[in-house]
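This report refers to the structure that appears directly beneath it.
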Amino acid sequence: MSTLALVWNVDSQVVEYLFMECTDDDDDEIVDEYDFQWWPHHSQTANMVNHIHSLEWHYERRLQQIPKHVRGPSLEYAAIANCGYETSAQEVIDCHANYVTRGNGLPGMDTSVWKVAAFMNHQYGNNGDNDPVVVYEKTQDENDDNDVDNNNNFKTCIISFAGSESIGDWGDFLPWNSGTTGYCGRHGVHIGVRNELWSITHDDQWTNVIKPQLETCHEVTCVGHSLGGALCNVFTMCANQGEENLDELDDAGMWDDFEALAWTKAKSPLVRGR
């Protein structure tokens, strides 16, 4: 899988961007290529929490350096992931409304184009940790030549999962949760991520609030930061490949994974007023 990476060119004193292949290879040459991913603190020891893991102060600022025709909607996705930690629909709306005035100089999501359409706050674990899930719908087309959604009868949506924000969430990555298991017809899925997504999709709020909204969408993009990104990876695998992975597989538990998560995709065009 390719990832967008930035390089600080010392000779030209400009930021360059390119796509690199993600790999677990320990080859020295490949490791050297990853050094630049800690920019703008390239000369300092990398710190996951304060550097690349920080959305507002590092990741989003990197994206601002990249021309819009290259980065696409990724800067808005980062804002959506950032506001996805809020624990009520109104807090999410307020987060986006005030994003540009938060003192970070970041544009955030275009609230004239996107709106919050559904929200749930799943209580996970013995401590009742918050796991917000937000669905956005596109309410109008952007004035952008590169925008592929030029059909008013085609409904585009985004679903976001929150990242780790509590001891309970970090517990998903403790040693006893670091192994792998099966989920939605696929083996090798991280136990902690699987357990959290399973818990979310078996919540009545998922069935009664989130799935009905997803069923009105013709296209769904998943966005998340940290644990939210991991949840998105497993979510999209199940939504897109679940039936294929489960074909001829007689495993009631894995079929339950798919049936709890999946929804019926909108088939007929939905007319939206402007």
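No lab work stands behind these numbers, since they all come straight from the coordinates. Predicted, not measured: the structure shown is a model, and the values here were computed from it. Cβ: placed from backbone, ideal geometry, glycine included. Neighbour counts: every protein chain shown.
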- [ ] Using every pair of alpha-carbon atoms in the stretch 51-101, split the distances into 5 Å bins beginning at 0 and state the percent of pairs per bin, rounded to integers.
- [x] 4, 20, 27, 24, 16, 7, 2
Task: the stretch 66-112 versus the stretch 181-199: alpha-carbon centroid distance in Å - done: 29
Open item on the list: For the stretch 181-274, what does the relative contact order come out to in percent, with C-alpha contacts under 8 Å and a separation of six or more?
Closed with: 41
Open item on the list: 5 Å is the cut-off here: which amide hydrogens, built 1.01 Å from N in the peptide plane, fall below it relative to residue 222, excluding neighbours closer than 5 in sequence?
Closed with: 159
TODO: Output ³J(HN,Hα) for the stretch 63-77: one whole-Hz value per residue in order, computed from phi by the Karplus curve 6.51 cos²θ - 1.76 cosθ + 1.60 with θ = phi - 60°, and x for Gly and Pro.
DONE: 4, 4, 7, 9, x, 4, 5, 9, 6, x, x, 4, 5, 5, 4
Open item on the list: Give me the dipole magnitude in Debye, nearest 20, for the stretch 182-274 about the Cα centre, with unit charges on the beta carbon: positive for Lys and Arg, negative for Asp and Glu.
Closed with: 660
Task: Interchain or long-range residues, amide H under 5 Å from residue 114's placed H - done: 139
Open item on the list: What lysines does residue 115 reach when the alpha-carbon gap must be under 19 Å and sequence neighbours fewer than 8 apart in one chain are set aside?
Closed with: 138, 155, 211
Task: Spacing of the two label points (7 Å from each Cα toward its C-beta) at residue 249 and residue 89, in nm - done: 3.4
